[in-house]
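Following: one structure in structure tokens, then a few remarks.
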Amino acid sequence: MKIPCVCSHASYLFFRKQVRNVETEEAVVNAGLAIALNVFDDLDCREVLGDLDELANRIASRVKGKSAEARIAHLHQVLFFEEGYISHVNRQASHLLDLFLPTVLKLKVGSSEIIGLIYQTIASKIGLEVEAVVCDDRIFIRLHDGHGWLVVDLFKQAATNDEATFQKCLQQPVLKNSEWIRRMLTRKIHVLKRDGHNEDHAAMCELLLVLDEEDSI
């Protein structure tokens, strides 16, 4: 096994484990935690996963019956109105804290990759049929309400009522886990380079090489 030159060993080993099992349901969340471990060396991954479970349990506790529509309504009530999660509108102005799963969970604003990850993870935990797609270089969420598909615009915190956007998102392939992880890394690489964080930039590039190697197998 290669030894990382810049990236922390804990981050590197945890990330490598995720890309080797990239099709598993938890791979993207765990990859997000592995990436964050390089920057936040005191990160408690169990605490972050517990925060996601707490949000899912709060939503599930309010749902009576098996209605997908009710689950979606409570999901949006908790995430968008009570907690106030929102995807960063101006991606060029993204702050570094908008790009890491643990900080976005706390600050409640972030890139569409991270807000979308939080949304999909919790939606899946409460039993919804949910998928992520990329449209116009950002992530939208596609989910089934029991009657048909909805497309959630994370910037607007609601299901889109724009027919052109809806149809375009319906036609997109489901975002693969490996591509979701790649988007998380490349976004960070761009911002870290822009802001002059050379060591962390090199570490993210090192993780991207791990992903590239696995994709080439």
Answer yes or no as to whether residue 156 is of a type in the set (Lys, Arg), in a loop (DSSP other than H, G, I, E, B) and farther than 25 Å from residue 18 by Cβ. yes
The lone condition residue 132 fails out of (1) closer than 19 Å to residue 149 by Cβ; (2) in a helix (DSSP H, G or I); (3) under 10 Å from the mean Cα position of the chain (by Cα) is (2)
For segment 167-205, the count of residues that are part of a loop (DSSP other than H, G, I, E, B) and surrounded by 15 or more Cβ atoms within 10 Å (Cβ to Cβ) equals 3
Sort out which residues of segment 153-201 are in contact (Cβ under 8 Å) with a residue 60 or more places away in the chain, under 13 Å from residue 132 (Cα atoms) and hydrophobic (A, V, I, L, M, F, W, C), and write them in order of number. 154, 180, 181
Checking the structure you have, find out if any residue of segment 147-166 is aliphatic (A, V, I, L, M) and in contact with a Gly (Cβ under 8 Å, 6 or more places away or on another chain). yes
State all residues of segment 151-166 that are loosely packed, with under 14 Cβ neighbours inside 10 Å and either under 14 Å from residue 87 (Cβ atoms) or small (Gly, Ala, Ser) (or both); if no residue qualifies, say none. 158, 164
Residue 100 being surrounded by 17 or more Cβ atoms within 10 Å (Cβ to Cβ) and under 27 Å from residue 192 (Cβ atoms): yes
On the given criteria, is residue 51 within 27 Å of residue 7 (Cα to Cα), modelled with pLDDT of 95 or more and either among the aromatic types (Phe, Trp, Tyr) or more than 17 Å from the chain's Cα centre (by Cα) (or both)? no
In segment 1-16, residues that are touching a residue at least 40 places away in the same chain (Cβ under 8 Å) and assigned to a helix (DSSP H, G or I) total 4
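Residue-wise test of (1) of a type in the set (Val, Ile, Thr); (2) more than 12 Å from the chain's Cα centre (by Cα); (3) at pLDDT below 95.
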site: 73; (1), (2), (3): no, yes, no
site: 86; (1), (2), (3): yes, yes, yes
site: 95; (1), (2), (3): no, yes, yes
site: 101; (1), (2), (3): no, no, no
site: 112; (1), (2), (3): no, no, yes
site: 120; (1), (2), (3): no, no, no
Flag if residue 29 is closer than 20 Å to residue 122 by Cα, part of a helix (DSSP H, G or I) and under 18 Å from the mean Cα position of the chain (by Cα): yes
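One line per residue, one yes/no per condition, for (1) acidic (Asp, Glu); (2) surrounded by fewer than 13 Cβ atoms within 10 Å (Cβ to Cβ); (3) outside any helix (DSSP H, G or I); (4) without any contact (Cβ under 8 Å) to a residue 60 or more places away in the chain:
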| position | (1), (2), (3), (4) |
| --- | --- |
| 18 | no, no, no, no |
| 49 | no, no, no, yes |
| 58 | no, no, no, yes |
| 65 | no, yes, yes, yes |
| 75 | no, no, no, yes |
| 78 | no, no, no, yes |
Every residue from segment 20-46 that is of a type in the set (Asp, Glu) and either touching a residue at least 40 places away in the same chain (Cβ under 8 Å) or closer than 17 Å to residue 189 by Cβ (or both): 23, 25
Picked from segment 32-47 (must be part of a loop (DSSP other than H, G, I, E, B) and under 20 Å from residue 6 (Cα atoms)), the residue modelled with the lowest pLDDT is 41
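The values are calculated or read from the model by the stated rules, or taken from the named source; none is laboratory data. Here the structure is a predicted model, which means the values were calculated and not measured. When we count neighbours, we look across all protein chains shown, and the Cβ atoms used for this are built from the backbone with ideal geometry, even at glycine.
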